Amino acid sequence: FQLSPSQINDILRAGELSHKILDLNGKNVNSVLRFESNQLASNTPIEDRRSAATCLQTKGMMFGVFDGHAGSACAQAVSERLLHYIAVSLMSRQTLEEIELAVECMKPVLPILQWHKHPNDVEYREITSQYFENLRVYWQHLLDLDTEAGFGLEEAMICAFKRLDSDISLEVQAPQENELMRNIALQVAFSGATACVAHVDGVHLHVANTGDCRAILGVHEEDGTWSTLPLTRDHNAFDEFEIRRLKREHPRSEEKTLVVNDRLLGILMPSRAFGDVQLKWSKELQHNVLENSCDVEALNIYQYVPPNYHTPPYLTAEPEVTYHKLRSKDKFLVIASDGLWEMLSNEKVVKLVAGHLTELNVQKPQLAFEKPVNLSYMHSLLLQRKNRGIASLDQNIATHLIRHAIGSNEYGEVDQEKLAAMLTLPEDLVRMYRDDITVTVVYFNSETIENYYRNNE
């Protein structure tokens, strides 16, 4: 089944989202210039999610990528809820008191986030009020802590991740009359999701990561070259820090069974994630919760207790937070699910984004001839021209990255036939070749960043 170039483009561009930050009276005070995002499904339905929002209380912007497994329910819930938890963690005591008073008096609540959504971004409308109630319990807890200023950013992010994961776990244990709510809570808790969230405020960039999504910076060095600055570590069996952490948290008798076939307890690739209560709860608790549930099979709930399950929890949602002070040479941030990183290296991703930036600036680059010209060189130039004609049509950089991730040949060029083949793989085979891919690229405003340093010297 052969797709035409325009059919390929239609498939690749269906999930595009881009947002330009508005200038205020010609003064763009935001260090974010714009962001572009896209996703391509491999699972049906897609298990990845993404979020982007402006935090109305701190004026910072937040971007998240969430990679679900064993279904999309957990990634869905985390994408809807986590940014709220972070925003609330950052609020001053006074703001929290104002919001609590408004809820008590049944008055409109100050908006917390301004979302930047794609029309296809789904929401569990039925459960929104339940989520809001639990968010309220969280801010009441923060008020009880009796701290004036609220948390610093790193602490706020860690607290928000851990609290949301704890709420996901408690919601499914609470008695619930409404069957739909109960089913959603079960699916959320028994599926899982990794998460990577960036918060950008002026020159301050914080990235919180749990699992194997990844964030990198593209840096334009003074000599004109591009370099890559990784902001996260992949939390999995290939990371020695994670292996050491797991060994510290469990008895020595389990050293050989903690990681089997490069997977946590032989089951899970990431060693940190939301949900996945079957790797966090005791066997008794799992049994009790599932015993009282209606139809676990119809909900596709993954029930499996691994043979060496002795000292849970084996999994945590606690993130690692990286702080980076933006410099004018930091041009863009890429956050993506592991579906991208399995196909492209950090360096390749930066090279593609940088090349795309240059191409957008110089719409029609001239073909430069090297002498002497031989046939294979001519062939590669023609291929470049042919591919450029198709690929440079991508206005959205995330689409450009996805196109290269699934369509590149061994020379790093997009091969139309390979691209068409990868997009038409049958449902039962596609997961063997590629994963869901979600990419968000955030471009920074170098001028705003320079001004910051000028004014604060």
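Condition first: closer than 16 Å to Gly64 by Cα, outside any helix (DSSP H, G or I) and not charged (D, E, K, R). Can you find one or more residues in region 121-142 that meet it? Checked against the condition, which is being closer than 16 Å to Gly64 by Cα, outside any helix (DSSP H, G or I) and not charged (D, E, K, R), region 121-142 yields at least one hit.
Within the bounds of region 281-289, is there any residue that is without any contact (Cβ under 8 Å) to a residue 40 or more places away in the chain, part of a helix (DSSP H, G or I), surrounded by 15 or more Cβ atoms within 10 Å (Cβ to Cβ) and in contact with a helix residue (DSSP H, G or I) (Cβ under 9 Å, 6 or more places away or on another chain)? Yes, there is a match, as at least one residue in region 281-289 is without any contact (Cβ under 8 Å) to a residue 40 or more places away in the chain, part of a helix (DSSP H, G or I), surrounded by 15 or more Cβ atoms within 10 Å (Cβ to Cβ) and in contact with a helix residue (DSSP H, G or I) (Cβ under 9 Å, 6 or more places away or on another chain). Applying a threshold of 7 Å to beta carbon distances and a minimum spacing of six or more residues, or different chains, the list of pairs starting in region 251-275 at a residue that is over 26 Å from Ala208 (Cα atoms) and ending at one that is hydroxyl-bearing (Ser, Thr, Tyr) and open to solvent by 20 Å² or more (accessible area, probe 1.4 Å) reads Pro251/Thr311; Glu254/Thr311. Contact map, region 425-446: residues that are farther than 21 Å from Ala75 by Cβ paired with residues that are part of a strand (DSSP E or B) and of a type in the set (Lys, Arg), Cβ distance under 8 Å, separation 6+ or inter-chain. Pairs shown: Tyr443/Arg34; Tyr443/Lys331; Phe444/Lys331; Ser446/Lys331. Under the condition of being part of a loop (DSSP other than H, G, I, E, B) and among the aromatic types (Phe, Trp, Tyr), the residues counted in region 184-224 number 0.
A single entry from Glu359, Glu447, Glu347 fulfils the requirement of being assigned to a helix (DSSP H, G or I), modelled with pLDDT of 95 or more and among the acidic types (Asp, Glu): Glu347. Checking each residue in region 203-227 for being within 27 Å of Glu47 (Cβ to Cβ) and open to solvent by 10 Å² or more (accessible area, probe 1.4 Å) picks out His206, Asp212, Arg214. Residues in region 186-202: is at least one in contact (Cβ under 8 Å) with a residue 24 or more places away in the chain, out of contact with any Lys or Arg (no Cβ under 7 Å at 6 or more places or on another chain) and open to solvent by 50 Å² or more (accessible area, probe 1.4 Å)? Yes, region 186-202 contains a residue that is in contact (Cβ under 8 Å) with a residue 24 or more places away in the chain, out of contact with any Lys or Arg (no Cβ under 7 Å at 6 or more places or on another chain) and open to solvent by 50 Å² or more (accessible area, probe 1.4 Å). Taking first residues from region 328-353 that are under 21 Å from Gly64 (Cβ atoms) and partners that are assigned to a strand (DSSP E or B) and of a type in the set (Asp, Glu), the Cβ contacts under 9 Å between residues at least 6 apart in sequence or on separate chains come to Ser337/Asp48; Ser337/Asp67; Asp338/Asp67; Gly339/Asp48; Gly339/Asp67.
From Thr95, Thr44, grab the single residue that is of a type in the set (Ser, Thr, Tyr), in a loop (DSSP other than H, G, I, E, B) and surrounded by fewer than 20 Cβ atoms within 10 Å (Cβ to Cβ). Every option except Thr44 fails the conditions.
The values are calculated or read from the model by the stated rules, or taken from the named source; none is laboratory data. Just so it is clear, the structure is predicted and the values come from calculations on it, not from any experiment. Cβ coordinates were reconstructed from backbone atoms using ideal geometry, including for glycine residues, and neighbour counts include every protein chain displayed. Note: areas computed on protein heavy atoms with side chains; ligands, DNA, RNA excluded. Shrake-Rupley method; radii C 1.70, N 1.55, O 1.52, S 1.80 Å.
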